[in-house]
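Novice: Pasting in a structure now, in structure tokens, and then I'll have a few things to ask.
Derivation of every value follows stated rules applied to the coordinates shown; laboratory data play no part. The model shown is predicted, which means the values in this text are computed figures rather than measured ones. Counting neighbours? That spans all protein chains shown, and the Cβs are built from the backbone with ideal geometry, glycine included.
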Amino acid sequence: MDHLLLIEDDPDVLENLKDILEYYGYYVTTAKDGLEGYEKALDQLPDLIICDINLPEIDGFELLDMLKRNPDTYIIPFIFLTAMTDKSYLRKGMNLGADDYITKPYENKDIINAVQSKIDKYSDLRNRFTRNLEFLKDRITTSIPKHFSEPILSILGFTSVLKNNYNNFSDHERLSIIQNIFETGDIMQRMLDDYGLYLKINETSYEDLDVLEDEHSIATIINDVLEKECALLGIAKQMLIYTEPAMVMMNSLYTKKIITELAALTAILSYTNETITFNCSRKEEFYNIEVSFQSRGLTSSIIECIGNFDMYEGRDIEGLYATLSLSTIKLITEAHKGIFDIENKFYEQTIIRISLPCL
């Protein structure tokens with residue numbers, strides 16, 4: 001029996017469509033918002049997803065984008081259910097990888113025909129992909145630390161999809177997969193760079209830490225690092241940077257590391273084209289760095305594990321990277337007798353605050 005995941009915030013539409021699909025022999029699970037739908041998609045791996053566009057928490061477009069970044073869910077056919085017929089909406093959904101649109105009001109036959117045709121199209125593809133991914137998981141998870149298995153599996157999973165089904169994808173789909181491989185590889189490299197430093201600082205007292213302090217102008221370093229990193233990360237146009245001069249006693253390599261990590265985090269977590277603000281100023285004996293950006297926010301499990309990366313149990317790659325990166329920043333800050341704080345307004349704004357002792 002084919003398993004469908006139905007995501008709809010209108011309870012009447014949800015129950016009506018569920019009844020129709022079950023009448024035609026499908027097994028249906030439901031979700032009332034985008035966040036619940038995302039979690040169920042990852043946990044249940046349904047054969048097909050039907051999703052409204054206007055949803056609370058995460059809208060349909062953002063949900064589809066998140067699912068297309070995960071090799072486990074990339075191949076699941078996705079149908080939008082919407083009352084909107086504007087061509088810009090249709091184009092946006094198709095560009096993100098939607099397989100079809102069903103507009104409200106709909107006929108029963110429209111739903112069933114769309115669902116079955118997509119399941120038939122993807123069933124063989126999914127079966128072969130699932131076998132390949134399970135083989136990779138068996139080989140990988142027994143030989144490397146758990147926190148690095150997910151990025152590696154993601155890269156191998158997407159590569160396997162592309163290799164074994166190259167001719168089944170359009171140019172746009174192939175480019176999307178290649179972009180996912182590149183972005184995951186970049187996150188993997190950053191995680192490897194961070195992990196050794198995280199272990200070193202986490203296991204060493206301040207007195208024994210090879211800090212090699214030097215006196216430097218922190219504003220100059222912030223501006224130089226952000227100019228370089230934001231250009232590489234493609235977020236230069238989103239940045240608003242305010243800095244005041246001050247002298248700090250801290251290894252300039254650690255200062256550069258903090259700012260580099262903050263730039264990368266904002267690039268990964270912030271909403272596309274939304275403003276990212278670095279506000280850096282001296283107040284009494286501290287130099288305060290405040291970074292604010294619009295984002296989905298950080299889950300409670302990430303917040304709880306900042307500073308204790310090895311306790312994080314999440315499987316999502318962005319969550320793994322955010323936890324490790326923020327843990328590294330926090331430990332560097334506190335090793336130099338500074339203060340780290342984070343304010344998280346879920347699905348609205350994230351604010352990271354770092355205070356470093358001034359001279």
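Novice: What is the percent of Cα-Cα separations in region 199-357 that go past 28 Å?
Specialist: Working: 2151 of 12561 pairs.
When every Cα pair of region 199-357 is considered, 17 percent fall beyond 28 Å.
Novice: Fewest Cβ neighbours within 10 Å first, please rank Ser160, Ser325 accordingly. Don't skip to the answer; put the middle values down first.
Specialist: Values: Ser160 19, Ser325 25.
Fewest-to-most ranking of Ser160, Ser325: Ser160, Ser325.
Novice: Next question. Hand me the chymotrypsin sites (Phe, Trp or Tyr not before Pro) from region 215-278 located in a DSSP loop with no more than 15 other Cβ atoms within 10 Å, in residue order please. Intermediate results must be reported in sequence, preceding the final value.
Specialist: Numbers: sites: Tyr242, Tyr254, Tyr271, Phe278; in loops: Tyr271.
Filter output for region 215-278: Tyr271.
Novice: Okay, moving on. At 7 Å along Cα-to-Cβ for each site, give me the label-to-label distance between Glu203 and Ile20 in nm.
Specialist: 5.9
Novice: Okay, moving on. Which translational diffusion coefficient, to the nearest whole µm²/s, is obtained for the chain from the Stokes-Einstein equation, given a Kirkwood hydrodynamic radius over C-alpha pairs, 10 °C and 1.306 mPa s?
Specialist: Details: Rh = 22.3 Å.
The calculation lands on 71 µm²/s.
Novice: Can you figure out the FRET efficiency of Gln44 with Glu343, using R₀ = 35 Å and their beta-carbon distance, to the nearest 0.05? Intermediate results must be reported in sequence, preceding the final value.
Specialist: Details: r = 33 Å, r/R0 = 0.95.
The pair Gln44/Glu343 has a calculated efficiency of 0.60.
Novice: Here is a follow-up. Taking the 0 to 90 degree range and rounding to the nearest ten, how far is the long axis of helix 11-23 tilted relative to the main principal axis of the chain, both from C-alpha atoms?
Specialist: Roughly 50 degrees, rounded to the nearest 10.
Novice: Still on this structure: In nm, give the distance between the simple-model label positions of Lys32 and Ala231, each being 7 Å from the Cα along the Cα-to-Cβ direction.
Specialist: 5.1
Novice: Given Leu199, His216, Asn167, which one lies farthest toward the positive end of the charge dipole of the chain, if we put +1 on the Cβ of every Lys and Arg and -1 on the Cβ of every Asp and Glu?
Specialist: Final value for the positive-end residue is Asn167.
Novice: Just in region 235-287: which GluC sites (Glu not before Pro) are loop by DSSP and have at most 11 other Cβ atoms within 10 Å? List each step's numbers first, then the result.
Specialist: Values: sites: Glu261, Glu274, Glu284, Glu285; in loops: Glu274, Glu284, Glu285.
Filter output for region 235-287: Glu284, Glu285.
Novice: Report the charge-dipole magnitude of the chain in Debye, nearest 20, computed about the Cα centre from +1 at each Lys and Arg Cβ and -1 at each Asp and Glu Cβ. Please list the in-between numbers first.
Specialist: Details: 34 positive and 60 negative charges, 207 e Å.
Around 1000 debye, computed over the chain.
Novice: Just the number, please: percent antiparallel of the DSSP beta bridges in the chain, rounded to the nearest 5.
Specialist: Numbers: 29 of 51 bridges.
Approximately 55 percent, going by the DSSP bridge assignments.
Novice: Quick one: compute the contact order of the chain, relative version, from alpha carbon pairs under 8 angstrom and 6+ residues apart, as a percent. Could the numbers behind the result be given before it?
Specialist: Working: 559 pairs, mean separation 39.0, N = 359.
Contact order relative to length: 11 percent.
Novice: Turning to a different aspect of this structure: Greater than 20 Å separation of Cα atoms is the criterion. Which listed pairs, Lys32/Lys121; Lys228/Lys345; Lys40/Lys68; Lys200/Lys228, meet it? Display every interim value, and only then the final one.
Specialist: Details: Lys32/Lys121 27 Å; Lys228/Lys345 29 Å; Lys40/Lys68 15 Å; Lys200/Lys228 27 Å.
Correct reply: Lys32/Lys121; Lys228/Lys345; Lys200/Lys228.
Novice: Here is a follow-up. Could you list Lys200, Lys18 in order of exposure, starting from the residue whose Cβ has the fewest other Cβ atoms within 10 Å?
Specialist: Ranked by crowding around the Cβ, least crowded first: Lys200, Lys18.
Novice: If one takes the longest principal axis of the Cα atoms in the chain, at what angle in degrees, from 0 to 90 and to the nearest 10, does the Cα axis of helix 218-233 lie?
Specialist: 20
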